[in-house]
1. Answer with yes or no whether Y201 is under 16 Å from the mean Cα position of the chain (by Cα) and buried (at least 20 other Cβ atoms within 10 Å of the Cβ).
2. Given the condition charged (D, E, K, R), in a strand (DSSP E or B) and away from the ligand (no atom under 15 Å from the Cβ), answer yes or no: does some residue in the range 191-198 qualify?
3. Could you check how many residues of the range 165-174 are within 17 Å of D212 (Cα to Cα) and part of a helix (DSSP H, G or I)?
4. Hand me the list of helices (runs of 4 or more DSSP H) wholly inside the range 39-134 holding 1 or more residues that are at pLDDT below 95.
5. Just name the residue that is farthest from the ligand (Cβ to nearest atom) out of those in the range 231-280 that are part of a loop (DSSP other than H, G, I, E, B), crowded, with 18+ Cβ neighbours inside 10 Å and among the charged types (D, E, K, R).
6. Just give me the residues in the range 119-161 being of a type in the set (F, W, Y) and buried (at least 19 other Cβ atoms within 10 Å of the Cβ), in sequence order.
7. Within the range 141-161, count every residue that is of a type in the set (G, A, S) and either in contact with an Asp or Glu (Cβ under 7 Å, 6 or more places away or on another chain) or under 16 Å from F220 (Cβ atoms) (or both).
8. Checking the condition over 15 Å from E242 (Cα atoms), within 16 Å of the ligand (Cβ to nearest atom) and not in a strand (DSSP E or B), which residue from A177, A149 passes?
Amino acid sequence: MRRRLILLCLLGFTMCVLCGCQWMIDRDLLPGDGTTTFPDSDATTMSDEADKTENHVPAYTDVNELRTDYQLGSCQDLSGNVAVILFFMDDFESSWTLEEADKYIVEEVKPGLEFLEQQAGVHGVELNLTVAQTYVSMYYNDEVITSMALTGMVTIDTVKQAAYQLGYSYSDEALLADQMQEFQADEIVYLTVFHKNGTAYAINPKREAEFDVVEHCVLFAWDLYSDGNDPGGAQASVVAHEILHLYGAEDFYTPYSRKTLASFVYPDDIMLRTAYDIRENQLGDATAFYIGWSDEVPDVILKPWW
Ligand SMILES: [Zn+2]
């Protein structure tokens, strides 16, 4: 179990307690400051209390100091030809049929990818996201963590276990290298999906964190507290939201001061809320900046309470 799980304090990752039925997230649902924006960075002055209490613009010499989750792992730039690899994971208590997996791809994954492509176009970025490979009947040989909020832990080895089943020992990096070549892709996005309720999270590094897995998302067919009767497409915005985390996007629903600001400036931003109908979501210039679609620093992220 030690190999598969890691405590929040040891590894940077992003948890999302997002649900389309909520307008925005109640901060009380979130575990302390676990998802705050600049937990590990020493490259910015934005987290200094002095900067928050004195109303001045944080100093920076490079815009990357303001996007501390950007380009830290295997996912570097959300542009060009990006191959999406899907692993539909069974476990001791849940499994996928081919039909269920197909339905999830059509109703949840593809609308999420189309949203990202369309938003890339809005921001002048060329992006082609293709479901390059789908694996079903993958088996996750442990108990997947379905809620970091409840356990304080996340599962980090779903792609490693998939790699093992595909003959790569436990080397997800070898799998990544082969698939980069096979699909002639600029980037690879790994999505592992469980046929159960859970709170999606993105396994992505933070600065100064020990990290030896390729970036990927752990997704669930339904939100943690869903009754399973969500309309088709209800998870599409979650899929898009989690992929954005892999590329450096930050949550806007926490901390509370940021949520308040974001609610005024980016009320429909997909990093603030994930709508049941993804067409209600947008991707504003702050998220575009965080993922490198733009190098222009939006004024709002320089606000002391951002
Ligand atoms: Zn999130």
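1. Numbers: under 16 Å from the mean Cα position of the chain (by Cα): yes; buried (at least 20 other Cβ atoms within 10 Å of the Cβ): yes.
Yes.
2. yes
3. Our first condition is that a residue be within 17 Å of D212 (Cα to Cα); within the range 165-174, this holds for 168-174.
Restricting the remaining residues to those that are part of a helix (DSSP H, G or I) gives 172-174.
Here the count works out to 3.
4. 49-53
5. Only one residue fits best here, namely R273.
6. Scanning the range 119-161 gives a single hit, Y140.
7. 2
8. Working: A177 fails: within 16 Å of the ligand (Cβ to nearest atom).
Within the list A177, A149, the selection yields A149.
The values are calculated or read from the model by the stated rules, or taken from the named source; none is laboratory data. Fair warning: this is a prediction, and the values are worked out from it, not measured in the lab. Positions of Cβ are backbone-derived with ideal geometry, glycine not excepted, and every protein chain shown enters the neighbour counts.
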